[in-house]
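Below: the structure, in structure tokens.
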Amino acid sequence: RLRTVTGVQTCALPISGHFSESVPNQTAKRLKDSKDIQIVTLMPWSMAFAILNAGPGGGGTAKLGVRRAIQAAVDADEIMLVSTDGVYRLDHAFNYPESQYFSADVGKAVYNQANPAKAKQLLAEAGYAGEEIVVITTSQIAIVKAQAEIAVEQLKAAGMKARVAVYDTPGYIAQAGKPDGWNIYIGEFGLAPAIGPYGLPNFWTGPKNWQKLEDAALEKSFSDLKSKPTLAERKAAADAFYARVTDQGYAI
């Protein structure tokens, strides 16, 4: 949840039935007037996000104030515009607008703030002492790598000592499993039906949670989400869950 939703251009050839699953946006623009090729933009396709290491090994991001400063510094619009070449839409929520679990309000107040001045103030209040903010990413997914690189520049502009650490995909996933050595993990969740309202909370709950800090409030909300008998009760549990994720700066 740099919580934007990215799209993938699909190029279909009606005569032969051949297709390309992903086409660069500039190529798609050149091909859109072709009589032999149909361009389809699939939206949503995936959700870009950042997980913050809030555990004791997280260094700077172990401080709530620093995590909130990172929230304030992030300009999701710039990150997505550059990394996707314009194929994206901004969205503050952790469930897509197409989902019955979508929340129009939860997290909106702190999403896409693009406010380095506020970030600097929060850093000062948190006692940030120049601790390094290591943003881990993969060299094998160009969009994800670009998101990390742009985010690091935004954090630097807000006064943070930030750098990108690039791995292959298995390597950076393995690194995120460690309690220390990283502060922010940049990645993308797949299309909503593959994750859904019940799958996504697994990332922030249980002993292997990605923020490296067990949170009783999240555990309670997730339990309610899985057990309450009515949709209204389950949606309220989902709202409470993501309000906590947002308030504590576990993910963006």
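Data overview
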read-out	value
Efficiency of FRET between LYS108 and LEU64 - r from beta-carbon atoms, R0 22 angstrom, step 0.05	0.65
Rule-of-thumb Rg ratio for segment 156-252 [Cα; 2.2 N^0.38 Å; N residues]	1.23
DSSP beta bridge pairing in the chain, given as percent antiparallel to the nearest 5	70
Spacing of the two label points (7 Å from each Cα toward its C-beta) at ALA142 and ALA174, in nm	2.7
Accessible carbon and sulfur surface of the chain relative to its total accessible area, %, 1.4 Å	56
Global form of the chain, assessed from the alpha-carbon gyration tensor, a/c cut-off 1.5	oblate
Eligible lysines near LYS220 by straight Cα distance, threshold 21 Å, same-chain separation 8 or greater	LYS208, LYS212, LYS228, LYS235
Crossing angle, helix 64-73 versus the chain [Cα axis fit, 0-90 degrees, rounded to tens]	30
Segment 97-197: Rg to Rh, with Rh as the Kirkwood radius over Cα pairs	1.01
Between segment 192-252 and segment 69-130, the alpha-carbon center distance in angstrom	19
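The values are calculated or read from the model by the stated rules, or taken from the named source; none is laboratory data. Computed from a predicted model, the values in this text were never measured in an experiment. Note that we place each Cβ from the backbone using ideal geometry, even for glycine, and neighbour counts take in every protein chain shown. All accessible areas refer to the heavy atoms of the entire protein, side chains included, with ligands and DNA or RNA removed. Shrake-Rupley method; radii C 1.70, N 1.55, O 1.52, S 1.80 Å.
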